[in-house]
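The values are calculated or read from the model by the stated rules, or taken from the named source; none is laboratory data. Just so we're clear, the structure is a prediction, and the values are computed from it rather than from any experiment. Using ideal geometry, Cβ is built from the backbone for each residue, glycine included, and neighbour counts are taken over all protein chains shown. Only protein heavy atoms, including side chains, enter the accessible area calculation; ligands, DNA and RNA are left aside. Shrake-Rupley method; radii C 1.70, N 1.55, O 1.52, S 1.80 Å.
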Amino acid sequence: MVYVGIDVGATFIRVGLVDEGGSVIDKLKVRQPSSGDENTVAEVIIKAVKNLARSRSIAGIGIGSIGPLNLKSGIVPLAPNAPIKRFKLVEPIIREFRVPVVLGNDAMAAVWGEYVFGIGKGIRNLVYITFSTGIGAGVIVDGHLLIGKDGNAHEIGHAVIDIDSNIQCGCGGYGHWEALGSGANVPRVIKEFIKGKTYRSRLHERLSRNEYVSTEEVFQAYYDGDELARDFIDNFLMRVHAAGIATVMNAYDPELIVLGGSMALNNKELFRAGIGRYLGRYLTVRAARIEFTEFGDDIGIVGAAALVYKVPDSLREFVEGYNKYLQ
């Protein structure tokens with residue numbers, strides 16, 4: 001018997017088979033469909049699970065998805081960063097495979113994965129934060145996975161970091177942590193950052209010509225010693241992330257914060273040093289230990305599988321409600 005972990009991201013969907021020890025046996029990655037109706041995402045997932053599982057017996061399917069979520073209905077009602085904004089997850093998948101299905105936010109799944117299988121074992125106050133296309137978090141307080149009325153008790157990426165910011169988040173709000181510092185938003189934030197400033201910088205020259213500069217290019221320019229990239233990342237982006245992480249610590253008082261997502265995992269030392277430089281300015285509680293996930297890109301798969309391997313008490317009422325789809 002294997003557990004299926006499904007990591008529904010804004011750009012890619014990762015599907016994996018996970019054993020009872022939290023090891024990924026097999027996996028595959030498919031791109032989010034660029035268009036379709038509310039069933040299209042589930043159809044892509046179903047095809048991927050069938051291709052991966054083949055003759056293996058599936059014990060259950062866990063899904064960690066971008067949000068916001070409506071856990072009662074098992075859907076994503078409005079995904080700011082995904083091509084298809086509204087899509088079903090639980091109903092079509094449970095009807096197809098006839099096994100238990102558990103849905104959670106992707107970062108919620110990740111923190112549960114760390115708690116069950118990873119470096120969060122034995123830690124009762126734990127937060128996982130992902131820095132990727134967006135910024136999200138999963139939160140465990142006193143051994144209890146926080147859920148909220150719809151499954152969005154941990155949308156910390158939409159904490160307001162700057163009340164004066166005119167940069168609009170994908171959700172429609174302003175000044176949000178995600179709007180100011182996520183992978184999807186760095187290219188437009190740095191264009192705002194350079195207004196009224198001059199640099200001896202190749203990156204500045206490109207931006208001044210209105211060329212598109214990706215987040216990856218900004219970080220590469222940093223490592224190449226580019227003056228603008230150094231100023232932007234050291235004195236703005238890392239301050240934004242330190243303020244966001246301090247907000248998490250102040251709100252939840254965790255023992256450990258685990259960082260993941262491509263932006264953080266590809267720049268570990270930069271993040272560690274940059275956050276450490278500014279964290280104390282914004283912190284009121286005793287600082288938590290900060291580590292990086294050891295699962296790498298597999299954390300979403302492992303976390304999703306952990307949701308169904310050991311169902312959190314706070315999700316049980318939603319899981320029981322999904323039984324109606326078996327009728």
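A quick yes/no check of all residues on (1) at pLDDT 95 or above; (2) farther than 15 Å from Tyr115 by Cβ; (3) open to solvent by less than 70 Å² (accessible area, probe 1.4 Å):
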site	(1), (2), (3)
Gly274	yes, yes, yes
Ala287	yes, yes, yes
Asp298	yes, yes, yes
Ile301	yes, yes, yes
Ala306	yes, no, yes
Asn323	no, yes, no
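Just a yes or no: is a residue in segment 278-286 closer than 30 Å to Gly21 by Cα and touching a residue at least 40 places away in the same chain (Cβ under 8 Å)?
Taking every residue of segment 278-286 in turn, none turns out to be closer than 30 Å to Gly21 by Cα and touching a residue at least 40 places away in the same chain (Cβ under 8 Å).
Where the second residue is among the small types (Gly, Ala, Ser) and part of a loop (DSSP other than H, G, I, E, B) and the first is in contact (Cβ under 8 Å) with a residue 24 or more places away in the chain and closer than 19 Å to Gly296 by Cα and lies in segment 17-37, which pairs have Cβ atoms under 8 Å and are six or more apart or on separate chains?
Within 8 Å, the pairs are Gly22/Gly118.
Name the helices (runs of 4 or more DSSP H) wholly within segment 172-227 that hold at least 1 residues that are at pLDDT 95 or above and touching a strand residue (DSSP E or B) at 6+ places or on another chain (Cβ under 8 Å)?
177-181
List pairs: first residue in segment 55-73 and part of a strand (DSSP E or B), second residue modelled with pLDDT of 90 or more and open to solvent by 30 Å² or more (accessible area, probe 1.4 Å) anywhere in the structure, Cβ distance under 6 angstrom, at least six positions apart or on different chains.
Listed by first residue and then by second, the contacts come to Ala59/Tyr3; Gly60/Tyr3; Gly60/Pro100; Gly64/Asp106; Ser65/Asp106; Asn70/Pro77.
Across segment 133-145, which residue is modelled with the lowest pLDDT among those that are open to solvent by 40 Å² or more (accessible area, probe 1.4 Å) and part of a loop (DSSP other than H, G, I, E, B)?
Here the residue is Thr133.
Do we find that Ala159 is surrounded by fewer than 21 Cβ atoms within 10 Å (Cβ to Cβ), within 23 Å of Pro68 (Cα to Cα), free of Cβ contacts under 8 Å to residues at least 40 places away in the same chain and within 16 Å of the chain's Cα centre (by Cα) in this structure?
Spelling it out, it is not the case that Ala159 is surrounded by fewer than 21 Cβ atoms within 10 Å (Cβ to Cβ), within 23 Å of Pro68 (Cα to Cα), free of Cβ contacts under 8 Å to residues at least 40 places away in the same chain and within 16 Å of the chain's Cα centre (by Cα).
Inspect all residues belonging to segment 268-289 and state whether any of them is assigned to a helix (DSSP H, G or I) and of a type in the set (Asp, Glu).
Looking for residues that are assigned to a helix (DSSP H, G or I) and of a type in the set (Asp, Glu), one finds at least one in segment 268-289, hence yes.
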